[in-house]
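Worksheet for the structure shown next.
Just so it is clear, none of the values below were taken in a lab; they were calculated from the coordinates. As the structure is a computational prediction, the values presented were derived from the model and not from experiment. Cβ: placed from backbone, ideal geometry, glycine included. Neighbour counts: every protein chain shown.
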Amino acid sequence: MSLIAFLGAIETGLLFGLVAFGVFISFRVLDFPDLTVDGSFPLGAAVSASMIVAGYDPWTSTLLAIIAGGAAGLVTALLNIKLKILHLLASILTMIALYSINLRIMGKPNVALLGDDTLLTPLEAVGLPYYWIAPLAFVLVVVVVAILLILFLKSETGLAMRATGANPRMARAQGVSTTMMILLGMAVSNAMVALAGSLFAQSQGSADVTMGVGVIVVGLASVIGGEAVMSTRTILLAVIACVVGSIFYRLAIAFALNADFIGLKAQDLNLVTAVLVALAIVMPQIKSNLKAKKRLS
Amino acid sequence: MIEIDNIHVTFAQGTPVENHAMRGLSLFIPEGDFVTVIGSNGAGKSTLLNAISGEIRVDTGSIKVGNQDVTRRNTERRAGDVARVFQDPMAGTCEGLSIEENLALAIKRGDSRGLGMAVKREYRQRFKTRLKRLGLGLENRLEDRMGLLSGGQRQAVSLLMATLQPMQILLLDEHTAALDPKTAAFVLELTREIIEEQQLTALMVTHSMKQALEVGSRTLMLHEGKIAFDVEGEQRKGLEVKDLLALFEKNKGEELADDSLLLG
Amino acid sequence: MGLKAILGASALALGVSMLGLTIPAQASDKHVAITQIVEHPALDACRNGVQDGLAAAGFKVGENLKWSYESAQGNPATAAQVAKKFAGEAPDVIVAISTPSAQTVAASARHIPLVFTAVTDPLGAKLVKNLDKPGKLITGITDLSPINKHVELVQQIVPGVKRLGVIYNPGETNSVTLVSMLHTEAKAHGLTVVEAAATKSGDVLAAARSLVGKADAIYIPLDNTVVSALEAVIKVAEQNDLPLISGDTDSVGRGSIAAVGFNYYDVGLQTGKMVARVLNGEKPGDIAVESVQKLELYLNPAAAERMGVKLSDELIASAKEIVK
């Protein structure tokens, strides 16, 4: 694997680490299986790309993309809470609606950002090779978001949110408004995914209406993968595991792309993903079996 | 103080399985009363507790908690006044959270929650002191996950959580029923001590008539969604299980069919 | 030391072996890396065309050409990683099939010559700033509909045509672009354009009827809404002797008179030849972006008869396909 391919895997892994944070909040913290992600990722890209092209500065554009993502999460939560639509179905409805909305926002299926000023443009003046810029910038973003996320989950409100997902009856008995927590959590989750989409568009040179396909699978694979390779006993570890899982996933893909010598090709990626997720799911069992053996000996 | 006025609750109204669970029950519990509640299956014990906590909305009638009409409030908006320990040790705590996180959740019962750290240093000292008196060594396991604790330990922590903050009424829903006899006795004794020390107003549902008479200051028996009898003070002193049965027959003109009440 | 440590160690070993195992090709061989967003019959045909076009220009895979191919499986994040893989391998040329793949390569492999293909609007996609002189390291082939050929075809079929009716959905970006191009081309050929809008397929019939008496012929661009309700237009065209010409060849089989189009294998062939020019030392920035050169004519004489025109023998002789 070349240095550029390796850095590329890290860069994409970091970006999808943000998606994994979002998936962690919906699937793990709130226990709310949410597929909105497949729509909120391109939503973030569509909003920021359209605004940048229209002449707004990248910071405002990215901020608005985050807000738009949060709104998408709210819609799914409201469909579930107010209209009593099953969570999975509610999220699918928002996801397909977002496809049309993203097309409307962009006015066409693809908005190009090549050559436009993005959040990364000021960094290009620093003089580093271009393939170092995005990974370094994204390390910063992911670290900041991770710290905020950890502090939030350890706060009074964050604790109430975790209780909402784990034991809603008990949470209500403690005076927690579980509906508020679901609304808030879904908004935060999709806001982070939209941020990832926005940054992806800015680093890849375009927003495309099809770019949300499979984002949820990747996010889930990252969360599960992270849980498999490290302990997630505390919130700190669980959040770090999301990024670790995401980077491992990207390195695995880079490996598949660069493993010509064992005959793997890009078209085998879906198989590699399936094997990876399957491995990640059985890994905890293997771990506990190993531990049990150790205890016996 | 609790004031319940002529409440009716009907489940599955208009269907073949319609169940008229509360039939015009009225009850006044002054501050400091420790009421035990008995009744056969389907008598309305759980429905009464759920109606007070807000998990069930009453069809008609009103419920006042500490002079405030809470009839239309949901559970989370009553939580500041109503604390509760569930029958199932799993239900009252979060197994994925640590002991201190569970307690931190409870210390804010009914309060608004902000973005400050949930587990503060000053709380931790308080948790330790409270846990210490359980005598279970939990004061040294603050960061352990709740899921690692036994049912009895969890129920003891549930009780601590419910009584960490002041409340108008403490609801105990057969909270020792799922425990083995030794642990059940321990949790019951703990309950008694805490209620006495903190001079709490409490409503305890139990499946044992014997226990209902031994604990508390007043005993209610429910039957078909109404109060069959209500004894306290001098009248209650010296009563035995067979006296309760006689009382029931006198008031209702029928014999009690459910033997399970005699056991335990 | 536990499973985690073992995992970590093996991952490290794997990484080291991957870094070490990049086998360099023979120095004299040229290297072309090709990426496409998804496996799709048209895009696959295009890719085969590229390979054959290169072979025709003397660059044969396995003899003197190293050929790397990756599909992103429809996943943009994978497309980004494919682009980075190629960037790291530093081939002589990267060929990108489809707009998203081309954009990703342009963003991620900036120091390597890029030839894009099957990109409809290279200017809108910001791949090049100027079609005639792209500059920098990027050029390629656009598969934009050859509107001028469409207008010429209309004139060949309906010699006296003055007013050309067009039905389209103003909500489809591609159609809006095509119709604005149609205005320009029609003017150059001495025609006026009469527009009829249909925002959903249910409106197509009414839109077609609105053209009766106002147009001498009807043209349908590659518009998803109108093409999906093409039968309504055909009905109106046949009832009122209004010749109907389409922008896509598939419609000819359904009952429009004629269309000129292309197949993607030929697009690939043309791309392959352009890649060969870059391999031979030309700067991509000096090569103008080309549109598809080899066009095919599809005709439906029976439909022509129903719409009151007769196709000339000359036209029939030049057709690639005659629909019976």
Subject >> Shielding of A:149-155 by partner chains, average beta-carbon count, 10 Å >> reply: 3
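Do the alpha carbons of any pairs in B:Lys64/B:Lys242; A:Lys108/C:Lys60; C:Lys85/C:Lys149; B:Lys128/B:Lys210; C:Lys60/C:Lys133 sit beyond 32 Å of each other, and which pairs?
B:Lys64/B:Lys242; A:Lys108/C:Lys60; C:Lys85/C:Lys149; B:Lys128/B:Lys210
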**OP:** Kindly express, to the nearest 10 degrees and within the range 0 to 90, the angle between helix C:41-56's C-alpha long axis and the longest C-alpha principal axis of chain C.
**Re:** 70 degrees
**OP:** Give, in whole angstrom and from largest to smallest, the semi-axes √(5λ) of the equivalent ellipsoid of the protein assembly as shown, with λ running over the eigenvalues of the Cα gyration tensor.
**Re:** 70, 36, 21
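If you count, for every residue in C:120-128, the Cβ atoms of partner chains within 10 Å of its Cβ, what is the mean?
Across C:120-128, the average partner-chain Cβ count within 10 Å equals 4.
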**OP:** Provide the packing ranking of C:201-211, C:215-225, A:124-134, i.e. peptides ordered by the mean count of other C-beta atoms within 10 Å per residue, highest first.
**Re:** C:215-225, C:201-211, A:124-134
Subject >> Test item: Cα-centred dipole of region C:164-242, Lys/Arg +1 and Asp/Glu -1 on Cβ, debye >> reply: 140 debye
Original post:
For A:214-224, what's the mean count of beta carbons from other chains sitting within 10 Å of each residue's beta carbon?
Top reply: 1
Original post:
What is the antiparallel percent of DSSP beta bridges lying wholly in the protein assembly as shown, to the nearest 5?
Top reply: 35 percent
Original post:
About its Cα centre, what dipole magnitude does chain C give when the only charges are +1 on Lys and Arg Cβ and -1 on Asp and Glu Cβ, stated in debye to the nearest 20?
Top reply: 740 debye
Subject >> Rough spin-label spacing in nm, given labels placed 7 Å along Cα→Cβ, for A:Leu103 and B:Lys132 >> reply: 6.9 nm
Original post:
Given DSSP loops and a limit of at most 16 other Cβ atoms within 10 Å, what is the longest stretch of chain B that contains no such trypsin sites (Lys or Arg not before Pro)?
Top reply: B:142-236
Subject >> C:Tyr264, A:Tyr249, C:Tyr168 arranged by Cβ crowding within 10 Å, fewest neighbours leading >> reply: C:Tyr264, C:Tyr168, A:Tyr249
**OP:** Calculate the all-directions average of the projected area of chain A's alpha-carbon convex hull, and give it in nm².
**Re:** 17.9 nm²
**OP:** Identify, among C:Pro301, C:Ala259, A:Pro42, the residue whose Cα sits farthest towards the positive end of the charge dipole of the protein assembly as shown, taking +1 on the Cβ of Lys and Arg and -1 on the Cβ of Asp and Glu, with the dipole about the Cα centre.
**Re:** A:Pro42
Subject >> Least to most buried among C:His183, C:His150 (fewest other Cβ within 10 Å first) >> reply: C:His183, C:His150
**OP:** Only bridges with both residues in region B:2-253 count here: give the DSSP antiparallel percent, nearest 5.
**Re:** 55 percent
Subject >> region B:107-264 - share of DSSP beta bridges that are antiparallel (%, nearest 5) >> reply: 60 percent
Original post:
Treating the beta-carbon of each Lys and Arg as +1 and of each Asp and Glu as -1, no other charges, what is the dipole magnitude of region A:93-174 about its Cα centre, to the nearest 20 debye?
Top reply: 580 debye
**OP:** Scan region B:49-121 for GluC sites (Glu not before Pro) in coil per DSSP, keeping those whose Cβ has at most 15 other Cβ atoms within 10 Å, and list them by number.
**Re:** B:Glu95
**OP:** Would you work out which of B:Ile195, B:Ile4, B:Met146 lies farthest towards the positive end of the dipole of region B:2-253, given +1 charges on the beta-carbon of Lys and Arg and -1 on that of Asp and Glu, about the Cα centre?
**Re:** B:Met146
Original post:
Based solely on its DSSP helices, what 222 nm [θ] is calculated for the protein assembly as shown when runs of n ≥ 4 H residues each add -39,500 (n - 2.57) and the sum is averaged over all residues, nearest 500 deg cm²/dmol?
Top reply: -16000 deg cm²/dmol
